Amino acid sequence: MNVVRLSAGSAAALGLDAFRRDVEVGTVYAMVGRGPCPHGCSFCPQGHPDSAACDRLSRVVWPAYPVDGVLRALRDHAPEGDGPRRLCLQVIGGEDGLADARRFLDAYRATGGGLPVSVNAAVSDRATATALLEAGVERLGLALDAATPALFRRHKGGCDGGWEARMCLIETLARVHRDRISTHFIVGLGETEEELVAAMARAIGAGATVALFAFTPVRGTRLAAAAPPDPGHYRRMQLARQLLVEGRATTADFAFVDGRLRALEVPIAPSDVARAIRTSGCPDCNRPYYNERPGETPYNYPRPPSDREVRGALATMALSFPGSVGGRRREHEACDG
Ligand code: SF4
């Protein structure tokens with residue numbers, strides 16, 4: 001492996017490129033492994049061999065850089081200063097990708113690199129997962145992406161035994177390796193809010209970290225013509241996730257009508273919304289512009305949102321709460337859609 005791909009923002013944060021950045025990058029995102037990825041997920045350009053977007057993950061460009069240059073930049077990067085405080089390896093492909101990830105990790109450690117490392121990979125067995133965690137991976141991400149077995153089959157094919165097998169592996173590992181296992185859900189793959197809340201509650205209940213992504217149509221993929229999720233749908237799922245993570249709600253506190261979240265039996269404050277609409281996942285993972293262009297209202301805020309953005313997000317949720325925020329029911333101040 002002579003080259004490694006970095007997200008454009010990560011390359012700029014390490015001084016390897018001059019991409020414009022107006023928000024801090026909390027994590028260096030590196031893609032390892034050789035495409036095309038055999039899993040062929042419907043939304044991912046890495047799974048479409050003849051895709052014109054094979055240098056992308058989601059809408060982000062990931063240029064390739066010589067491995068030695070990247071390792072030097074990581075070594076010289078001062079984690080205590082401004083800038084990335086985590087390294088995340090996005091592993092594409094199967095065994096080959098994992099082998100590349102191990103080699104990159106070993107080389108990084110050999111340079112004295114001290115950033116905590118996350119690895120997001122299609123690991124399907126406990127032994128491989130445990131070996132990665134014992135090899136110095138601080139957090140292991142096993143993406144489910146889809147909220148149900150049927151959607152998993154539709155969008156991720158027969159990936160590694162299916163949704164239930166992956167959820168069981170996540171639960172088993174999360175119970176043993178507290179705070180070291182995460183999973184990803186992509187909002188907008190056809191799930192109902194009730195289905196996604198149930199899936200999130202199951203993973204969070206086992207102690208796994210849940211990261212939310214907004215479906216982003218990418219040219220050259222099977223879903224290139226599909227639409228990104230409705231902002232209200234996304235905001236409600238962010239709030240539900242936050243309340244589940246903080247143990248402030250159980251699935252019994254969510255009232256659904258036709259699968260859509262309509263009401264919460266938990267009073268919330270603006271500060272709850274402010275936390276909920278931030279990027280979710282491993283610590284310092286903020287994924288700037290991963291799901292939207294600069295200038296558009298972020299699905300995941302990579303920085304603290306303003307009071308106005310928080311009010312807009314709350315209005316967009318169009319939810320009812322007992323006692324509401326500030327004692328009165330808020331209706332549509334200014335949507336952030
Ligand atoms: S949550 Fe972020 S840092 Fe963690 S595995 Fe996923 S993309 Fe990487």
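The values are calculated or read from the model by the stated rules, or taken from the named source; none is laboratory data. All of these numbers come straight from a predicted model, not from anything done at the bench. Quick reminder, even Gly has a Cβ in these numbers, built from the backbone with ideal geometry, and neighbours come from all protein chains shown. Accessible surface is based on the protein model in full, side chains and every heavy atom, while ligands, DNA and RNA are left aside. Shrake-Rupley method; radii C 1.70, N 1.55, O 1.52, S 1.80 Å.
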Among (1) out of contact with any helix residue (DSSP H, G or I) (no Cβ under 9 Å at 6 or more places or on another chain); (2) within 16 Å of the ligand (Cβ to nearest atom); (3) not hydrophobic (A, V, I, L, M, F, W, C), the one test that R56 misses | (1)
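Each row is one residue, and each column tells you yes or no for (1) over 30 Å from P66 (Cβ atoms); (2) touching a residue at least 60 places away in the same chain (Cβ under 8 Å).
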residue: A110; (1), (2): no, no
residue: G141; (1), (2): no, yes
residue: A150; (1), (2): yes, no
residue: G162; (1), (2): yes, no
Among the residues of segment 166-175, is any more than 20 Å from the chain's Cα centre (by Cα), farther than 19 Å from T192 by Cα and open to solvent by 40 Å² or more (accessible area, probe 1.4 Å)?
-> yes
What are the residues in segment 130-161 that are closer than 30 Å to R72 by Cβ, within 16 Å of the ligand (Cβ to nearest atom) and not in a loop (DSSP other than H, G, I, E, B), if any?
-> L132, L133, R139, L140, G141
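With respect to V123, is the statement that it is modelled with pLDDT of 90 or more and assigned to a loop (DSSP other than H, G, I, E, B) true?
Against the criterion (modelled with pLDDT of 90 or more and assigned to a loop (DSSP other than H, G, I, E, B)), V123 qualifies.
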Subset of segment 99-129, residues more than 14 Å from the ligand (Cβ to nearest atom), of a type in the set (A, V, I, L, M, F, W, C) and open to solvent by 20 Å² or more (accessible area, probe 1.4 Å), comes to A99, A107, A110, A127
Check whether at least one residue in segment 228-250 is in contact with a His (Cβ under 9 Å, 6 or more places away or on another chain) and within 16 Å of the ligand (Cβ to nearest atom), and report yes or no.
-> no
So, in segment 61-84, of the ones that are closer than 24 Å to R303 by Cα and open to solvent by 20 Å² or more (accessible area, probe 1.4 Å), which residue ends up modelled with the highest pLDDT?
-> V61
Residue tally, condition open to solvent by 80 Å² or more (accessible area, probe 1.4 Å) and at pLDDT 95 or above, over segment 1-34 | 0
Test result for R236, surrounded by fewer than 22 Cβ atoms within 10 Å (Cβ to Cβ) and either of a type in the set (K, R) or touching a residue at least 60 places away in the same chain (Cβ under 8 Å) (or both) | no
Has segment 175-190 got any residue that is more than 16 Å from the ligand (Cβ to nearest atom), modelled with pLDDT of 95 or more and not in a loop (DSSP other than H, G, I, E, B)?
-> yes
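So which of A249, A263, A203 is crowded, with 17+ Cβ neighbours inside 10 Å and not in a loop (DSSP other than H, G, I, E, B)?
Details: A249 fails: not in a loop (DSSP other than H, G, I, E, B); A263 fails: crowded, with 17+ Cβ neighbours inside 10 Å.
After applying the criteria, what remains is A203.
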So D284, is it more than 16 Å from the ligand (Cβ to nearest atom) and of a type outside the set (G, A, S) = no
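Tally time: how many residues in segment 164-174 are more than 16 Å from the ligand (Cβ to nearest atom) and either among the hydrophobic types (A, V, I, L, M, F, W, C) or farther than 14 Å from G205 by Cβ (or both)? Steps first, please.
So in segment 164-174, the residues more than 16 Å from the ligand (Cβ to nearest atom) come out as 164-165, 167-168, 171-172.
Applying the additional criterion that residues be either among the hydrophobic types (A, V, I, L, M, F, W, C) or farther than 14 Å from G205 by Cβ (or both) yields 164-165, 167-168.
So the answer is 4.
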